[in-house]
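Undergrad: Once you've had a glance at the structure underneath, I'll fire off some questions.
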Amino acid sequence: MSDNADWNDENTRLVCELFAEQVTAHNRSGTHLNKSGYKNVMEKFKDKTGLDYSRRQFKNKWDKMRREYANWKRLVKETGLGWDNEKKTYTAPDSRWKQLNKDYPGINKFKDGPLQFEELKTIMFEDIRNSGDDHWAPSSGAAPASQQDADPDEADDRDEDCDDNEASDDCDEYSPEPSRGKRPAPANRKDKGKKPKTSGGHWVQKELSKLVSLSARSTASCESLAKKDESSGCSIKDVMALVRECGAVPGTKEHFIASQVFVKRAEREMFLTLETPEERFQWLSMKHMWMTRNDSSM
């Protein structure tokens, strides 16, 4: 097992393709891939590269790319930024970058270049970009670890840490000794004038059950809509394929604006009404010009 993962550009592109493939196959639960998703990624990555990475290494890469994607999308919404056509990224004074990096750690990496493999990361993260482990939304799937039983695979990760550090006190189980300071109260003793103490655990469990039930219905609804998109040729993947066919290849302003607007179904449907590659390319050029002009006038 490799101790350190080598995430060069080639390996990063491959893992993004594998992650996006598993998301499309509905192997993402909540904000991360499920057990089957990680298993498929691990096996296919090893087959193609010969590198045998652990589930934790892939999860760490997923988390890092998710943070980078969120930061790039924050730049899209920031006003007053310029655009460098050569670097394909945003421009701002050093003082502005310093403040942005203070608010969103790591965002200043985009001073030197754009987000890598944005099209694949859009498939991976766009629909979970505004919900996180600490801000759970029912539509994101299963509840986070603080609201349900921990993922068995996460427990396996912790067990691996304990195996590597068997002498560590952090891995030992702790069983408190019974208190010796006070004698237990007699079983037949009754408190007069006091209401029995009740725990909020039952109420919390009941409310959580409602949330999980709502989550299941919402997830089923989202999957149904996603399948409808795929069957109608209106999915992000299908539309971005048409974008490339019309000449808007990655690195052009037309491809960039497509990656921004086609996360919305209405924009994709409008694009599909255009019949020829020439019409589609012209539409993308005009869309970029229109949005750039509006942003600069805000």
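The values are calculated or read from the model by the stated rules, or taken from the named source; none is laboratory data. Model, not experiment: these values are computed from the prediction. Don't worry about glycine lacking a Cβ; one is built from the backbone with ideal geometry, like all the others, and counts go over all protein chains shown. Note: accessible area is taken over every heavy atom of the protein model, side chains too, but ligands, DNA and RNA are not part of it. Shrake-Rupley method; radii C 1.70, N 1.55, O 1.52, S 1.80 Å.
Undergrad: Quickly run through the range 244-259 and pick out the residues that are assigned to a helix (DSSP H, G or I) and either at positive phi or more than 23 Å from the chain's Cα centre (by Cα) (or both).
TA: Result: ARG244, GLU245, LYS253, GLU254.
Undergrad: Among the listed residues SER221, SER215, which satisfies the condition of being modelled with pLDDT under 85, in contact with a Gly (Cβ under 7 Å, 6 or more places away or on another chain) and under 30 Å from GLU17 (Cβ atoms)?
TA: SER215
Undergrad: Could you say which residue among PHE256, PHE271, PHE262 is within 19 Å of ASN85 (Cα to Cα) and surrounded by 15 or more Cβ atoms within 10 Å (Cβ to Cβ)?
TA: On inspection, the qualifying residue turns out to be PHE256.
Undergrad: Within the range 260-295, can you find the residues that are β-branched (Val, Ile, Thr) and either touching a strand residue (DSSP E or B) at 6+ places or on another chain (Cβ under 6 Å) or modelled with pLDDT under 85 (or both)?
TA: THR292
Undergrad: Between a residue in the range 73-87 that is polar (S, T, N, Q) and any residue that is open to solvent by 60 Å² or more (accessible area, probe 1.4 Å), which pairs come within a Cβ distance under 8 Å, given they are 6 or more apart or on different chains?
TA: THR79/ASP295; THR79/MET298; ASN85/LYS253
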